[in-house]
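Engineer: Sharing a structure here in structure tokens format.
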Amino acid sequence: MAELRYCIPTMDTPDDIDTLIARVALRDREAFRRLYGSTSAKLFGICLRILRERSEAEDALQEIYVKIWRAAPTYAASRYSPISWLAAIARNHSIDRIRARRPETVDIDEATDLSDDAPDPERLAIAGSEGRRIEACLDELEQARADAVRGAYVDGYSYAELAERHDVPVNTMRTWLRRSLIRLRECLER
Amino acid sequence: MSDEHDMERSDRALAAEYVLGVLPHAERRVFAARLDEDEALQDEVRFWTEQLSPLADETEAVEPPAAVFDALETRLFAPAQAAKAGWWSSLAFWRGLAVASLAALVLAGVYLASTPGPRPEQPSYVAEISSENGALKLVAFVDAEAGVIRINRTEGVPESGRDFELWLIEGSNAPVSLGVLPGAARSSHEVPEDLTSRLSGAVLAISDEPKGGSPTGQPTGAVLAAGTVVEI
């Protein structure tokens with residue numbers, strides 16, 4: 001429920017949001033207005049954070065709700081939770097924009113990529129089963145790698161930006177991050 | 001059907017990179033295109049989306065200016081309201097159009113393309129999609145600029161418990177789903193951006209699918225109707 005604390009102060013629980021999306025799928029404009037009222041602050045926050053420019057974030061938000069209106073009929077079959085579904089549309093659109101703005105390519109060093117980094121047993125022990133899984137699993141990674149994952153997700157950093165922030169070559173950054181993601185996945189599945 | 005556990009490690013990493021947002025633009029587009037057709041990848045993307053979603057709590061919510069919603073409402077609803085009284089929603093118009101020759105369709109498309117808003121820079125396309133016996137008829141207008149295909153179904157409804165699904169087939173590529181047709185006669189379908197430039201001569205087809213659409217990402221039922229997209 002914590003994830004809803006900013007944007008849905010009043011009546012709309014995830015179940016309500018779920019119902020609203022279902023009604024939007026039936027082209028219910030009032031439901032669409034209410035869905036916007038309940039969720040636009042959270043999604044605008046995501047756009048602003050990733051796009052870092054207010055006017056572009058405003059454009060993006062409009063596009064995002066057009067997509068939500070159009071995609072609502074596919075929501076029920078998607079098996080996503082409502083907030084994840086909405087946030088994913090917002091993040092994907094914002095990331096698409098920012099990547100199109102600054103095209104880059106990043107090779108991966110296939111020879112060294114994705115070989116297993118053995119999990120650190122001490123860190124495994126620290127990661128409890130309490131709390132949100134992702135936080136516990138990020139704690140199992142080295143601090144710098146966990147920071148890179150967070151930076152990419154929250155700020156929409158590209159590989160070039162991450163490499164610069166962490167002061168490593170871009171290809172190294174990618175190899176690093178991919179390994180971290182594989183380890184994260186193993187932890188999330190446990 | 002690839003089992004989730006058979007998925008290549010590199011595909012798993014790609015799915016995670018996609019959700020995280022770090023993939024460079026070109027790779028991101030390629031992955032998004034594969035995602036449309038690969039259920040195992042979709043599952044993987046859903047896994048990461050749900051698992052990473054709590055990280056979005058770190059982002060502070062910001063109230064957007066009211067102008068955004070006003071513009072949104074105008075964009076989504078005002079044209080529809082304006083068109084309600086007009087020919088776009090006139091069943092007689094569409095019935096007539098569906099039985100008319102493709103030439104008439106082309107003319108109507110020109111009219112459509114030239115009516116609302118600024119003149120689109122990209123070419124426009126139309127298609128007449130019909131079954132051999134005429135029991136299912138649809139007309140499609142492609143708004144390449146907006147990246148949407150607008151469908152008007154003038155004849156035919158799915159069998160009980162079944163849905164119609166719309167497919168775009170470009171060249172010798174596998175069909176790309178543009179979504180399930182809703183109960184309403186008119187619907188809009190987004191076209192993947194990488195296909196908008198390759199629409200001329202492509203085929204739009206309707207298949208008979210289980211409720212909610214094909215479970216595999218490819219047509220599973222009979223192809224009931226098809227038509228070629230022509231540029232106008």
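The values are calculated or read from the model by the stated rules, or taken from the named source; none is laboratory data. What you see is a predicted model; the values in this text were computed from it and never measured. Note: ideal-geometry Cβ built from the backbone for every residue, glycine included; neighbour counts use all protein chains shown.
Engineer: Keeping to the stretch A:44-64, report how many residues are over 18 Å from residue A:152 (Cα atoms), under 17 Å from the mean Cα position of the chain (by Cα) and at the interface with another protein chain (Cβ under 7 Å from one of its Cβ atoms).
Structural biologist: Looking only at that region, the number is 1.
Engineer: I'd like the residue in the stretch B:18-73 that is in contact with a strand residue (DSSP E or B) (Cβ under 9 Å, 6 or more places away or on another chain) and not small (Gly, Ala, Ser) and, out of all such residues, is surrounded by the fewest Cβ atoms within 10 Å (Cβ to Cβ).
Structural biologist: Among them, the one singled out is B:36.
Engineer: Quick one: which residue in B:34, B:75 is within 30 Å of residue B:7 (Cα to Cα), of a type in the set (Lys, Arg) and modelled with pLDDT of 85 or more?
Structural biologist: B:34
Engineer: Those residues that are at the interface with chain A (Cβ under 7 Å from one of its Cβ atoms) and within 23 Å of the chain's Cα centre (by Cα), I need them from the stretch B:22-53; list them, please.
Structural biologist: B:25, B:26, B:28, B:46, B:49
Engineer: Could you list, in sequence order, the residues of the stretch B:159-190 that are crowded, with 20+ Cβ neighbours inside 10 Å and in a loop (DSSP other than H, G, I, E, B)?
Structural biologist: Correct list: B:175, B:181.
Engineer: Also, I was wondering about something else. Among the residues of the stretch A:136-177, write down those that are out of contact with any Asp or Glu (no Cβ under 9 Å at 6 or more places or on another chain), of a type in the set (A, V, I, L, M, F, W, C) and surrounded by fewer than 18 Cβ atoms within 10 Å (Cβ to Cβ).
Structural biologist: A:144, A:168
Engineer: Residue under question is residue A:40, and the condition is that it be among the hydroxyl-bearing types (Ser, Thr, Tyr) and more than 8 Å from chain B (Cβ to nearest Cβ); does it hold?
Structural biologist: It is false that residue A:40 is among the hydroxyl-bearing types (Ser, Thr, Tyr) and more than 8 Å from chain B (Cβ to nearest Cβ).
Engineer: Taking helices (runs of 4 or more DSSP H) that fall entirely within the stretch A:74-183, which contain at least 3 residues that are facing another protein chain (nearest Cβ under 10 Å) and at pLDDT 85 or above?
Structural biologist: Numbers: elements: A:82-101, A:121-126, A:133-140, A:143-155, A:159-166.
Per the criteria, A:82-101, A:133-140, A:143-155, A:159-166.
Engineer: Which one is nearest to residue B:58 (Cα to Cα) among residues in the stretch A:32-57 that are free of Cβ contacts under 8 Å to residues at least 12 places away in the same chain and assigned to a helix (DSSP H, G or I)? Can you show your working first?
Structural biologist: Step one: of the stretch A:32-57, the residues free of Cβ contacts under 8 Å to residues at least 12 places away in the same chain are A:33, A:37, A:48, A:52-55.
Subset that is assigned to a helix (DSSP H, G or I): A:33, A:37, A:48, A:54-55.
Numbers: A:33: 25, A:37: 20, A:48: 13, A:54: 19, A:55: 22 Å.
Among those that are free of Cβ contacts under 8 Å to residues at least 12 places away in the same chain and assigned to a helix (DSSP H, G or I), it is A:48.
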